[in-house]
């Protein structure tokens, strides 16, 4: 499964996830400063699940019934450090949720998924 991390995910967390075998790319590396619409278009083009702290993506996807990415994971916890984000993402990826075709909201205690 391929993931695309929005700019609000630290690059050090991205690199740590890659080192643990996660196929993840970063907007910071590919297209820094990209607008939300561009980030969504890239996620759709790459058939990737978008990973973000930005709740605007959920609003955009559910209001606009047009093209949608493979999935979106909205992170809803306070990012204390890049290491904290890395730990939480590794924990999230280890629980074997079928993220494709879902909008997932993840905090430190639970994950809620809604079909796209």
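The values are calculated or read from the model by the stated rules, or taken from the named source; none is laboratory data. What you are looking at is a predicted structure, and each value in this text was computed from that prediction instead of being measured. A quick note on method: Cβ atoms are made from the backbone with ideal geometry, for glycine too, and the neighbour counts reach across all protein chains shown.
Please count how many residues of the stretch 80-100 are assigned to a loop (DSSP other than H, G, I, E, B), surrounded by fewer than 19 Cβ atoms within 10 Å (Cβ to Cβ) and under 13 Å from the mean Cα position of the chain (by Cα).
Applying the first criterion (assigned to a loop (DSSP other than H, G, I, E, B)) to the stretch 80-100 yields 80-81, 95-100.
Applying the additional criterion that residues be surrounded by fewer than 19 Cβ atoms within 10 Å (Cβ to Cβ) yields 80-81, 95-98, 100.
From the residues that got through so far, the ones that are under 13 Å from the mean Cα position of the chain (by Cα) too are 100.
Residues in the stretch 80-100 being assigned to a loop (DSSP other than H, G, I, E, B), surrounded by fewer than 19 Cβ atoms within 10 Å (Cβ to Cβ) and under 13 Å from the mean Cα position of the chain (by Cα): 1 in total.
List the number of the failed condition for residue 16; all other conditions in (1) in contact with a strand residue (DSSP E or B) (Cβ under 9 Å, 6 or more places away or on another chain); (2) surrounded by 18 or more Cβ atoms within 10 Å (Cβ to Cβ); (3) assigned to a helix (DSSP H, G or I); (4) in contact (Cβ under 8 Å) with a residue 24 or more places away in the chain hold.
With (1) in contact with a strand residue (DSSP E or B) (Cβ under 9 Å, 6 or more places away or on another chain); (2) surrounded by 18 or more Cβ atoms within 10 Å (Cβ to Cβ); (3) assigned to a helix (DSSP H, G or I); (4) in contact (Cβ under 8 Å) with a residue 24 or more places away in the chain applied to residue 16, the lone miss is (1).
Given (1) surrounded by 13 or more Cβ atoms within 10 Å (Cβ to Cβ); (2) free of Cβ contacts under 8 Å to residues at least 12 places away in the same chain; (3) assigned to a loop (DSSP other than H, G, I, E, B), where does residue 77 come up short, assuming only one miss?
Going through the list (1) surrounded by 13 or more Cβ atoms within 10 Å (Cβ to Cβ); (2) free of Cβ contacts under 8 Å to residues at least 12 places away in the same chain; (3) assigned to a loop (DSSP other than H, G, I, E, B), residue 77 breaks only (2).
Every residue in the stretch 23-52 that is surrounded by fewer than 17 Cβ atoms within 10 Å (Cβ to Cβ) and under 23 Å from residue 107 (Cβ atoms), please.
Just the residues of the stretch 23-52 that are surrounded by fewer than 17 Cβ atoms within 10 Å (Cβ to Cβ), to begin with: 23, 29-38, 41, 44-47.
Listed by number, the list holds a single entry, 36.
Looking at this structure, is residue 47 under 16 Å from residue 1 (Cα atoms) and at pLDDT 90 or above? Even if it seems obvious, please write down each step before you answer.
Values: under 16 Å from residue 1 (Cα atoms): yes; at pLDDT 90 or above: yes.
Judged against the criteria, residue 47 is a match.
Mind checking which residues of the stretch 19-67 are part of a loop (DSSP other than H, G, I, E, B) and in contact with a strand residue (DSSP E or B) (Cβ under 7 Å, 6 or more places away or on another chain)? Let's see the steps before the verdict.
Quick first cut of the stretch 19-67, residues part of a loop (DSSP other than H, G, I, E, B) only: 20-22, 31-35, 47-48, 53-55, 64-67.
22, 47, 48, 53, 55, listed by residue number.
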